[in-house]
């Protein structure tokens, strides 16, 4: 640990512990500054960890579970571990010590425990949706065929400016960047709601999940504009199974934590991405970056239904050095925008890539939040990348 700090220094107020005597108690605690990356000692039974400054990672089995920013009161117990994500200012306290000189603090402490319990219960309920599926209820394991409808749901789109060479490298043969757009791509957080399979075999249930995806504007076969998706991270297995098997989306599991002014993406144990913004609207004049989005929209709308371009790649039965995909296709998936409402421009947008894993890089140019709804048409394969395959 870095060391102890002045006990009388200013300590931020903690929600629920604002009484005068509680604040006196907090100031008298043994506050310690810990450097970024340091593991914090586990909490003993009855202990609280007060976080006055900085941010900590909560881990389980070495994997990142969530982030907690100051000011916060943490009640974590084994098997959870805490690690300083930035330099932090922390103190340990016994719950009984907080209330012994101030009866009113007892009620405040109960509220803190209730809030933490509510947070855990919301998380438990949220985990249930990850068990939802679109399988036919006949004892088999077949996915319900489409058509599929999505939304309306809240979405946040961030326009990114990246190295065009990096984006060009991501595109499969047959796709090319749209001239004039440089390294522009969109980073989209979708808070999916109202996902329904409209096939007669569907049970009609509406599903929901979170998803972070990259959309690269491109030209496809016959120079038809569309969007290629090289990175897609849902937080549930339903969209992975459906997206990969039916259409070929490059989906893999991610843990997504949405905040009031941003979100975090964790995948394969790495903190892949952090997006942040201000909730305030931009000035009345239209931001310059909106022109780039308008250019992409005009290109897409020329073709009637916008296109998604996907590379559907499924491994064959062989293993080892000779393993080859049994399916390796360029898929065109038309979709129809059914609603786009309540658009609001966001300010002070930033995107960071704390650890490797995202690959596309780039800096945030601007962002907007809106409600979005769409459905898919029938997809078709237009190119076979396997030896001997051909364009269609």
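The values are calculated or read from the model by the stated rules, or taken from the named source; none is laboratory data. Remember, predicted model here, so these are calculated numbers, not experimental data. Don't worry about glycine lacking a Cβ; one is built from the backbone with ideal geometry, like all the others, and counts go over all protein chains shown.
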Could you check the range 71-91 and list, in sequence order, the residues that are assigned to a loop (DSSP other than H, G, I, E, B), at pLDDT 85 or above and surrounded by 19 or more Cβ atoms within 10 Å (Cβ to Cβ)? 85
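Suppose we keep only residues that are assigned to a strand (DSSP E or B) and surrounded by fewer than 24 Cβ atoms within 10 Å (Cβ to Cβ) within the range 212-226. Which one would you say is modelled with the lowest pLDDT?
So, considering only residues that are assigned to a strand (DSSP E or B) and surrounded by fewer than 24 Cβ atoms within 10 Å (Cβ to Cβ), the one modelled with the lowest pLDDT is 225.
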In the range 39-70, anything within 27 Å of the chain's Cα centre (by Cα), surrounded by fewer than 16 Cβ atoms within 10 Å (Cβ to Cβ) and at negative phi is listed as 39, 60, 63, 69
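So, in the range 356-378, exactly how many residues are closer than 15 Å to residue 275 by Cβ and not in a strand (DSSP E or B)?
5
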Residue 231 vs (1) free of Cβ contacts under 8 Å to residues at least 60 places away in the same chain; (2) closer than 19 Å to residue 351 by Cβ: all pass except (1)
Top-ranked residue of the range 188-205 - restricted to ones that are without any contact (Cβ under 8 Å) to a residue 60 or more places away in the chain and either under 18 Å from the mean Cα position of the chain (by Cα) or not in a loop (DSSP other than H, G, I, E, B) (or both), ranked as surrounded by the most Cβ atoms within 10 Å (Cβ to Cβ): 192
If only one of 330, 346 is within 21 Å of residue 155 (Cα to Cα) and assigned by TED's automatic domain parsing to the domain that holds residue 219, which one is it? 346
Residue list for the range 306-355, filter: part of a strand (DSSP E or B) and free of Cβ contacts under 8 Å to residues at least 12 places away in the same chain: 315
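With respect to residue 159, determine if the residue is modelled with pLDDT under 75, in contact with a helix residue (DSSP H, G or I) (Cβ under 8 Å, 6 or more places away or on another chain) and surrounded by 14 or more Cβ atoms within 10 Å (Cβ to Cβ).
no
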Which condition breaks for residue 175 when tested against (1) under 30 Å from residue 366 (Cα atoms); (2) touching a helix residue (DSSP H, G or I) at 6+ places or on another chain (Cβ under 7 Å)? (2)
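Against the definition (farther than 21 Å from residue 115 by Cα, modelled with pLDDT under 90 and not in a helix (DSSP H, G or I)), how does residue 36 come out, yes or no? Break it down into steps so the answer makes sense when it comes.
On the way: farther than 21 Å from residue 115 by Cα: yes; modelled with pLDDT under 90: no; not in a helix (DSSP H, G or I): yes.
So residue 36 fails the test.
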Might you check whether a residue that is surrounded by fewer than 16 Cβ atoms within 10 Å (Cβ to Cβ), assigned by TED's automatic domain parsing to the domain that holds residue 219, modelled with pLDDT of 90 or more and touching a strand residue (DSSP E or B) at 6+ places or on another chain (Cβ under 9 Å) occurs anywhere in the range 300-308? no
